[in-house]
1. Since residue 195 meets every condition but one in (1) modelled with pLDDT of 90 or more; (2) surrounded by fewer than 24 Cβ atoms within 10 Å (Cβ to Cβ), which condition does it not meet?
2. Closer than 25 Å to residue 566 by Cα, touching a strand residue (DSSP E or B) at 6+ places or on another chain (Cβ under 7 Å), within 16 Å of the ligand (Cβ to nearest atom) and in a helix (DSSP H, G or I), is that true of residue 495?
3. Restricting attention to the stretch 318-333, which residues are more than 15 Å from the ligand (Cβ to nearest atom) and modelled with pLDDT of 95 or more?
4. With the condition kept exactly as written, say whether any residue in the stretch 9-19 is surrounded by 20 or more Cβ atoms within 10 Å (Cβ to Cβ) and within 12 Å of residue 82 (Cα to Cα).
5. Can you tell me which of (1) part of a helix (DSSP H, G or I); (2) within 15 Å of the ligand (Cβ to nearest atom) is the one residue 315 doesn't meet?
6. I'm checking my understanding of the structure. Among residues of the stretch 342-375 that are more than 15 Å from residue 298 (Cα to Cα) and away from the ligand (no atom under 14 Å from the Cβ), which one is surrounded by the most Cβ atoms within 10 Å (Cβ to Cβ)?
7. Considering only residues of the stretch 91-112 that are in contact (Cβ under 8 Å) with a residue 60 or more places away in the chain and buried (at least 20 other Cβ atoms within 10 Å of the Cβ), which is farthest from the chain's Cα centre (by Cα)?
Ligand code: G6P
């Protein structure tokens with residue numbers, strides 16, 4: 001959510017700032033801008049909308065300098081206009097900010113009383129004005145920054161440069177991530193994540209919460225939250241540019257859907273033994289036998305992965321599971337069991353609500369696990385046991401491959417708990433591991449439904465409301481399917497437990513409402529088929545997703561049928577996810593929406 005790049009060099013930086021922003025555009029794309037220092041002046045270029053607009057503007061304005069900061073914005077305070085675009089600046093200082101300054105109104109009113117003028121509706125501008133105020137009454141820029149930070153409440157990652165000192169770039173973080181890249185030729189970089197710095201620097205230092213870094217061309221000095229000098233390790237990060245090209249696909253989302261067989265294989269390789277007959281699960285910091293309850297907390301698609309896991313873990317490992325939306329969990333302040341265990345799922349590892357929920361769980365003395373895709377992310381570093389997924393960088397805002405890899409870890413976790421608790425025999429475990437290991441092939445097969453999904457999507461794209469229904473783990477997939485569709489096609493969609501249809505949602509059903517049915521032939525199939533008949537009887541346009549057996553068993557009307565490969569009950573969620581992803585994708589393509597960067601959304605949500 002909002003991206004930051006900063007460069008301190010001896011060569012012009014404007015083009016590399018913009019290139020860095022392009023890699024960060026998935027974090028927000030409401031507006032973008034850069035500021036550089038040149039001829040003893042801060043020069044700025046900003047534009048509304050995507051970075052191509054900024055590129056075009058820069059081609060005319062041609063500003064450049066050897067020090068600069070840049071930002072791509074996901075609007076929180078103030079419309080996505082040029083005036084509200086970052087960097088924000090005064091004559092003396094320019095800043096880029098990711099996060100929210102919660103007390104900005106009080107600070108702003110106070111500064112206005114002191115004679116300062118504001119030019120945007122943002123919370124961020126107050127930081128530039130405060131720095132300007134404190135610069136005058138401080139003996140150093142560092143002192144002015146410390147005084148400013150003391151006043152700020154909320155979350156931030158910041159990049160700062162002062163006109164009076166073009167040899168220093170300042171970066172700091174509280175609640176939002178920030179990394180420093182060590183260049184090889186007397187250059188230093190700031191980036192809100194490793195992707196921003198890909199191709200610029202291979203040696204990265206991640207700031208800890210509360211850190212302030214002072215960058216010169218050949219050195220960094222870090223101060224911790226108590227203003228004491230601190231040393232943070234640096235690590236190599238060598239992800240190349242090829243990781244972020246969508247070729248030969250039209251969209252990152254489609255590429256990422258097609259990557260699922262590979263990334264599922266890679267993730268399973270870590271959690272299954274080499275012969276794929278047993279698990280290879282990391283050592284846990286708790287005894288699975290003594291857990292009374294497991295709490296799973298996440299947001300968005302990651303939350304739905306958690307919901308699938310609730311069914312798995314309760315059924316196989318017989319541990320009761322609470323699944324919570326992070327933004328609700330943290331403020332509800334639920335009592336947590338003594339010696340309890342809490343699991344956090346996050347593709348980015350930076351989602352503010354999930355991070356805060358984790359903090360709460362730690363304060364409740366829980367052992368914490370995290371299922372995370374981004375190495376070195378804040379959550380990966382905070383949990384007691386990080387369980388990594390190997391989806392590779394996910395660029396499409398709508399999460400697809402990350403979800404499938406989260407399911408891999410959750411499936412292995414459920415089996416591991418069950419085995420440790422003596423609830424699955426080694427033979428049964430071997431069977432489950434074999435089923436998981438055959439998923440990449442089954443996923444390849446189910447991708448063969450793309451052409452049929454594209455056809456069905458033409459009808460779906462004309463709808464105003466679409467219902468998704470399922471039972472058991474397929475209820476979670478119905479919810480995920482509905483979320484995917486609304487995120488990228490802007491069609492209203494609702495996922496519901498099929499049994500709940502008659503308690504309300506069926507009132508929506510008429511001949512204009514497609515009802516997408518996630519229907520593996522399992523123990524709940526008959527019940528689900530009856531619910532589908534109820535919808536079909538009201539002229540709902542049924543899209544029936546099932547295996548061969550299920551298709552034969554369903555005799556009702558259907559607008560379309562999608563026949564997926566046979567699965568076990570346990571592996572069904574992996575396979576049924578793909579058609580709902582493809583339906584959402586092609587519906588959005590038919591509608592002509594911006595699939596990879598849908599309106600109003602951002603990939604990494606680092607504000608509450
Ligand atoms: C945003 C993204 C979703 C994602 C959710 C949780 O809303 O658009 O795709 O599922 O954040 O993100 P996380 O990184 O914590 O999994």
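1. (1)
2. no
3. 318, 319, 320, 321, 322
4. No; the residues of the stretch 9-19 include none that is surrounded by 20 or more Cβ atoms within 10 Å (Cβ to Cβ) and within 12 Å of residue 82 (Cα to Cα).
5. Only one criterion in (1) part of a helix (DSSP H, G or I); (2) within 15 Å of the ligand (Cβ to nearest atom) is unmet by residue 315, namely (2).
6. Per the stated criteria, the residue is 366.
7. Among them, the one singled out is 93.
For (1) touching a residue at least 60 places away in the same chain (Cβ under 8 Å); (2) closer than 27 Å to residue 433 by Cα; (3) out of contact with any strand residue (DSSP E or B) (no Cβ under 7 Å at 6 or more places or on another chain), each residue gets a yes or a no:
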position: 499; (1), (2), (3): no, no, yes
position: 503; (1), (2), (3): no, no, yes
position: 508; (1), (2), (3): no, no, no
position: 540; (1), (2), (3): yes, no, no
position: 549; (1), (2), (3): no, yes, yes
position: 559; (1), (2), (3): yes, no, no
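The values are calculated or read from the model by the stated rules, or taken from the named source; none is laboratory data. Predicted, not measured: the structure shown is a model, and the values here were computed from it. Glycine gets a Cβ as well: all are built from the backbone with ideal geometry, and neighbour counts include every protein chain shown.
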